[in-house]
Amino acid sequence: MSDWTRVWPQLVEATGETLYMVGVSALLTVLLGVPLGILLTVTAPGALTPRPLLNRFLGLVVNLGRSLPFIILLFLVAPVTRGIVGTTIGSTAAIVPLTIGAVPFLARLVETSLREVAPGKVEAAMSMGARRRDVVRTVLLPEARPSLIAGITVTVVALISYSAMAGAVGGGGLGDFAIRFGYQQFRTDITLLTVVLLLVIVQALQWAGDHWARRLAHV
C-alpha cells in the first residue's frame, strides 16, 4: 500500500509532463508544419506558384527530417535545444526535438491533403478572378479540412510515441516513469499500467480527431 502511495503522485506528475510536452509541441508543429505543407503544395511544378528549385530544396529538407530516427534526432539537436532552453534535460527541453521531428511529418501530410482537392475547384476560383493566396485560404484549406484534421491527429499520436522515447534520455513524462519505476525496479505491473495509460490517451485523441474530421466532412 505504501509503495503505491509513493508511486501514484509520480504517475500523475509524469502524465502531466507528457500532456505538456505533447500539447506544446503539437501546437508548434501545427503552426510550422501547416505553412510548410502549403508552401510545398503551391511551389510544386504546375501548381499555383511553381518554384521548382525551392520546392526541391524544401522537399529534400522534409525528406531528411522524416527519415531520421527520432532517438538520433534527440542527440543531433541537443546543441539547439541547449541554446533555446538552456538545458537538454526535462520536459521543456524535450519540446524542441519533438517539434523538429514532427514538423516534416505533418508537412507531408498537409501536402498530400491539399493535393487531393479537385483541380476543377481551384480552376473555377481562378477563373472568377481569385488571387492565388485567396485560393489557398478559400478553396484549398476549406476543402481539405477533414483530411487536415486526420493528419494532425496522426501527428499528435506520433508525438506521444516520440515523447516516450524522449523520456528514455531524460525528457521526463511517462516514458521516464516506466523506465525508472517499472523497468529498473522489475515492476511489470507499473510498466503495464503505463502502457495502458498511454493507450487510453492515444485512443481518446484518435476518437476526438476522427469525430472532428467527420463533422467537418459534413459541413
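The values are calculated or read from the model by the stated rules, or taken from the named source; none is laboratory data. The shown structure was predicted, so the numbers you read here are calculated from the model rather than taken from an experiment. Positions of Cβ are backbone-derived with ideal geometry, glycine not excepted, and every protein chain shown enters the neighbour counts. Remember, those area values only see protein heavy atoms, side chains included, never the ligands or the DNA or RNA. Shrake-Rupley method; radii C 1.70, N 1.55, O 1.52, S 1.80 Å.
When the helices in the chain are scored as -39500 (n - 2.57) per DSSP H run of 4 or longer and the sum is shared across all residues, what 222 nm value do you end up with, to the nearest 500 deg cm²/dmol? Working shown, then result.
Working: 10 runs with 168 residues, N = 219.
Using -39500 (n - 2.57) per qualifying helix, the result is -25500 deg cm²/dmol.
Please tell me the relative contact order of the range 110-219 in percent, rounded to the nearest whole number, where contacts are Cα pairs under 8 Å and at least six residues apart. Display every interim value, and only then the final one.
Details: 83 pairs, mean separation 29.2, N = 110.
Dividing the mean separation by the residue count of the range 110-219 yields 27 percent.
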Contact order relative to length of the chain, as percent, for alpha carbon pairs under 8 angstrom and 6 or more apart: 26
Label points 7 Å out from Cα along the Cβ direction at LEU27 and ASP134: separation in nm? 3.3
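Counting only protein heavy atoms, what percent of the accessible surface of the range 106-219 is carbon or sulfur at a 1.4 Å probe?
Here carbon and sulfur together make up 64 percent of the probe-accessible area.
Probe of 1.4 angstrom, ligands and nucleic acids ignored: what's the accessible area per residue over the chain, in square angstrom?
On the way: 11930 Å² over 219 residues.
Heavy-atom SASA per residue in the chain reads 54 Å².
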Can you match Cα Rg over 2.2 N^0.38 Å to one of these, (1) 1.19; (2) 1.00; (3) 1.25, based on a calculation from the structure here? (1)
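Could you tally the net charge around ALA217, taking each other residue with its Cβ under 15 Å from the Cβ of ALA217, Lys/Arg +1 and Asp/Glu -1? All intermediate terms of the calculation are to be shown ahead of the outcome.
Values: positive: ARG145, ARG214, ARG215; negative: GLU116, GLU143, ASP210.
Around ALA217, the charge tally is 0.
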